[in-house]
Amino acid sequence: MLPDLSITPATHSRLADVDFDDLGFGNVFSDHMFSMQYRDGRWQQPAVLPYGPVAVDPANATLHYGQAVFEGLKAFMGGDGTVRIFRPDMNYKRLCDSCERLCIPEPDAEHFYGAMEALIQLDHAWIPRRRGQALYIRPLIFSDESHLEVRPSQAFRFLVMTAPVRAYFDESAAAIELKVEEQYTRSAPGGTGAAKTSGNYAASLYPGELGRREGFAQVLWLDGREHRYVEEVGAMNIFFRIDGRVVTPSLVGTILPGVTRASVIQLMADAGDPVEERRIEIEEVVTAIREGRMQECFGAGTAAIIAPVGGIAYRGEHLSINDGQAGDVTRRLYDELTGIQLGEIADRHRWNRLVKIDAGESARRAAR
C-alpha cells in the first residue's frame with residue numbers, strides 16, 4: 001500500500017444493486033476510485049475516494065483540445081483466491097509513451113501499481129467470479145488547467161476507476177463481422193495512432209457508427225496514406241492465418257501496440273509457430289479468402305481478449321472466413337490466455353501481478 005495514500009471509504013456500497021448475471025461493459029463502477037493531482041511540477045495528494053463525479057471547469061483544456069491519455073487492463077479472481085492483474089507493466093509503459101506524445105508528465109510506477117492494488121483491496125468483492133468476466137481497470141490522465149490557449153497544460157489529474165465487466169463481445173454469439181473502411185482514417189504517419197489518447201477514439205466514432213448501422217461489429221482500418229494496408233480494428237489488433245502462417249500488421253507508428261497482441265505473438269512463438277509481422281495489403285487478405293487460403297482471422301485486445309472474425313465486407317462483397325466459425329488457433333489462444341489470467345495455466349513469463357487480498361486490512365481501512 002502506498003505510504004502517502006489517503007483513503008476516504010464509501011459510506012454505502014452499491015454492490016448489492018449489481019446483477020452479475022447481466023453485466024454490460026463499463027456501465028457499472030465499483031465503490032471507490034483513485035485520484036492524484038499534478039501541481040508545481042510534481043504528482044501529489046494520492047487519494048482513494050468514493051466513486052463519483054469530479055468538478056471540471058468549462059475552460060478545462062481537455063474539453064477543448066483533448067490533452068488526455070488512458071489505459072485499459074483487467075484483474076481476474078482465480079480459484080485460489082488470488083487476484084491477478086494481467087501484464088500491468090506493459091500498460092504502464094504504454095501510458096508513459098502516450099504521456100510523452102501528449103506533453104503530459106508521467107506518473108511514477110509506484111503510484112500506478114499502488115492505485116490499482118489499493119482499489120482491489122477495498123473493492124475486491126466487485127471482481128466477478130464467472131468465467132469470461134473480469135474487473136476492468138481504467139487509468140486516465142487529463143489536463144486540469146483552465147485556459148483557451150493552444151499549449152500544453154501545467155496541471156493534470158490522474159484517476160483510476162474499476163468496473164466489473166462481461167466479455168466485450170458476446171461469447172455465445174457467432175464470430176464477429178468487420179467492414180473494411182476505405183473512406184475514413186483512424187490515424188496517419190506522424191500522428192498519434194500509437195498513443196492511447198482520447199482523440200483517436202473520437203475520430204473513429206462516426207465511421208464506426210456507420211458500420212454498426214450496416215450490421216458490423218467493428219470496422220477494419222486501412223492505412224491513412226493509401227488506404228491499401230491493413231492496420232487494426234476499432235478495439236483490437238488483427239491477425240490472419242493464411243496458408244498455415246499467422247500474420248499481423250507490423251507496428252509502424254500508426255497502430256496501437258496492444259498488450260494482448262504482444263501476448264499472442266509470444267504464445268505463438270512458445271508453440272514453435274512464430275507470427276509474421278509485416279505490412280499486409282487488403283488485396284492480399286481478400287484474395288486469400290476468395291481462394292480458400294484464409295484458415296481463420298481473429299482480433300486481440302484487452303477488452304475482447306480473443307475475438308473470432310467470421311467475415312469481412314469489402315466494396316460491397318461479403319467474404320466469409322472459415323464458415324463464420326472460430327478457428328483452431330483462435331480457440332487455443334483464447335483458452336491459453338484466459339487460463340493464464342485465471343491461474344489455471346502456468347504463468348511461464350510472469351505476466352500476472354498478484355494481489356493477495358488482506359480481508360482484515362480491507363475491513364479496517366473501510367471502517368476508518
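All of the numbers you see were taken from the coordinates with simple rules; none came from a lab. For clarity, every value in this text was computed on a predicted model and none was experimentally measured. As a convention, Cβ positions derive from the backbone with ideal geometry for all residues, glycine included, and neighbour counts pool all protein chains shown.
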- Hey, how many Å between the Cα centroid of region 275-322 and the Cα centroid of region 203-224? 15
- Message: If you fit an axis through the alpha-carbon atoms of helix 198-213 and take the longest principal axis of the Cα set of the chain, what angle between them do you get, 0 to 90°, nearest 10?
- Response: 50
- Query: Tell me, what is the percent relative contact order of the chain, built from C-alpha pairs under 8 Å that lie six or more residues apart?
  - Reply: 20
- Task: Can you quote the Å³ per residue value for the convex hull of the Cα atoms in the chain, rounded to an integer?
- Result: 142
- Task: For the chain, give the magnitude of the charge dipole about the Cα centre (Cβ charges: +1 Lys/Arg, -1 Asp/Glu; no others), in debye to the nearest 20.
- Result: 480
- Task: Give me the angle, in degrees from 0 to 90, between the Cα long axis of helix 328-341 and the longest principal axis of the Cα atoms of the chain, rounded to the nearest 10.
- Result: 10
- Quickly work out the His147-to-Glu214 label distance, labels modelled 7 Å from Cα along the C-beta direction, and quote it in nm with one decimal. 4.4
- Message: If I take every Cα pair under 8 Å that is 6 or more residues apart in region 176-324, average their sequence separation and divide by the length, what percent do I get for the relative contact order?
- Response: 26
- Note on the structure: So the FRET efficiency between His12 and Arg42, C-beta based with R0 = 35 Å and rounded to 0.05, is 0.55
- Cβ density ranking, 10 Å radius, fewest first, applied to Thr248, Thr62, Thr11 yields Thr11, Thr62, Thr248
- Message: Quick check: residue separation of Arg293 and Asp358 times 0.36 nm, minus the Cα distance between them. What number comes out in nm?
- Response: 18.2 nm
- Task: Stick to the Cα atoms of region 176-324, pair each with every other, and give me the Kirkwood hydrodynamic radius in Å at one decimal.
- Result: 15.3
- Task: Could you work out the relative contact order of region 112-205, using alpha carbon pairs under 8 angstrom and six or more residues apart, expressed as a whole percent?
- Result: 23
- Message: What is the sum of charges, Lys and Arg at +1 and Asp and Glu at -1, for the other residues whose Cβ falls under 13 Å from the Cβ of Asp80?
- Response: +1
- Estimated FRET transfer efficiency when R0 is 51 angstrom, pair Ala59-Glu277 (beta carbons, to 0.05): 0.70
- Assuming R0 = 35 Å, can you tell me the calculated FRET efficiency for the pair Arg101 and Ile345, based on Cβ-Cβ distance, to the nearest 0.05? 0.50
- Message: What does the extension gain come out to for Asp270 and Thr82, with contour length at 0.36 nm per residue minus their alpha carbon separation?
- Response: 65.1 nm
